[in-house]
Amino acid sequence: QVQMAESGGGLVQAGGSLRLSCAASGRRFDSYTMGWFRQAPGKEREFVAAIYWSGGNTYYADSVKGRFTISRDNAKNSVYLQMNSLKPEDTAIYYCAAKLGNYNYNMPDYRYWGPGTQVTVSS
């Protein structure tokens with residue numbers, strides 16, 4: 001059974017940093033794209049960043065480019081999101097997800113999802 005679990009969320013002041021982790025288990029993810037999405041209160045879930053498991057190619061939403069960095073550790077079956085220069089508008093529940101094949105930001109294509117971790121950025 002595939003499981004994905006996020007950790008590392010919390011409360012941080014604007015300008016601060018957080019590092020989110022996602023541990024995946026239950027299958028090999030060699031041909032999977034791993035993504036981070038977020039959902040702010042009252043808003044739709046949106047794409048944040050993605051990385052192809054084997055190739056290491058990375059993709060970012062314009063709103064986080066230059067501030068967030070996605071990375072992965074294949075040996076640990078884990079994906080990370082380093083978030084710097086955080087802004088109050090980054091406040092959301094952050095989800096990691098996995099889809100077979102190459103990158104896209106179409107959420108229905110992501111088959112596996114974690115329960116999410118809350119990130120709150122105070123002004």
Do the conditions hold for Asp62, that is, is it closer than 17 Å to Asn104 by Cα and without any contact (Cβ under 8 Å) to a residue 12 or more places away in the chain? yes
Condition test on Gly101, is it at pLDDT below 95 and touching a strand residue (DSSP E or B) at 6+ places or on another chain (Cβ under 9 Å)? yes
Just for the stretch 61-81: of the residues that are open to solvent by 60 Å² or more (accessible area, probe 1.4 Å) and not small (Gly, Ala, Ser), which one is farthest from Ala23 (Cα to Cα)? Asp62
Quick one: count up the residues across the stretch 28-60 that are open to solvent by 20 Å² or more (accessible area, probe 1.4 Å), at negative phi and assigned to a loop (DSSP other than H, G, I, E, B). 11
Is it the case, given these coordinates, that Thr91 is of a type outside the set (Gly, Ala, Ser) and over 19 Å from Gly9 (Cβ atoms)? no
Kindly check whether there is at least one residue in the stretch 7-21 that is more than 30 Å from Ser122 (Cβ to Cβ) and touching a Lys or Arg at 6+ places or on another chain (Cβ under 6 Å). no
Selection count, the stretch 5-17, where residues are surrounded by fewer than 21 Cβ atoms within 10 Å (Cβ to Cβ) and either on the phi < 0 side of the Ramachandran plot or without any contact (Cβ under 8 Å) to a residue 24 or more places away in the chain (or both): 9
Please go through the stretch 72-94 and pick out each residue that is assigned to a loop (DSSP other than H, G, I, E, B) and modelled with pLDDT under 95. Asn77
Meets criteria (open to solvent by less than 70 Å² (accessible area, probe 1.4 Å), more than 16 Å from Tyr112 (Cβ to Cβ), outside any loop (DSSP other than H, G, I, E, B) and among the small types (Gly, Ala, Ser)) for Ala97: no
Is it the case that some residue within the stretch 108-117 is closer than 19 Å to Gln1 by Cβ, assigned to a strand (DSSP E or B), open to solvent by 30 Å² or more (accessible area, probe 1.4 Å) and hydrophobic (A, V, I, L, M, F, W, C)? yes
Could you list all residues from the stretch 50-86 that are within 20 Å of Gly101 (Cβ to Cβ) and not small (Gly, Ala, Ser)? Ile51, Tyr52, Trp53, Asn57, Thr58, Tyr59, Tyr60, Ile70, Arg72, Asn74, Asn77, Val79
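The values are calculated or read from the model by the stated rules, or taken from the named source; none is laboratory data. The shown structure was predicted, so the numbers you read here are calculated from the model rather than taken from an experiment. Every residue, glycine among them, receives a Cβ derived from its backbone with ideal geometry; neighbour counts consider all protein chains shown. SASA here: full protein model, heavy atoms, side chains in, ligands and nucleic acids out. Shrake-Rupley method; radii C 1.70, N 1.55, O 1.52, S 1.80 Å.
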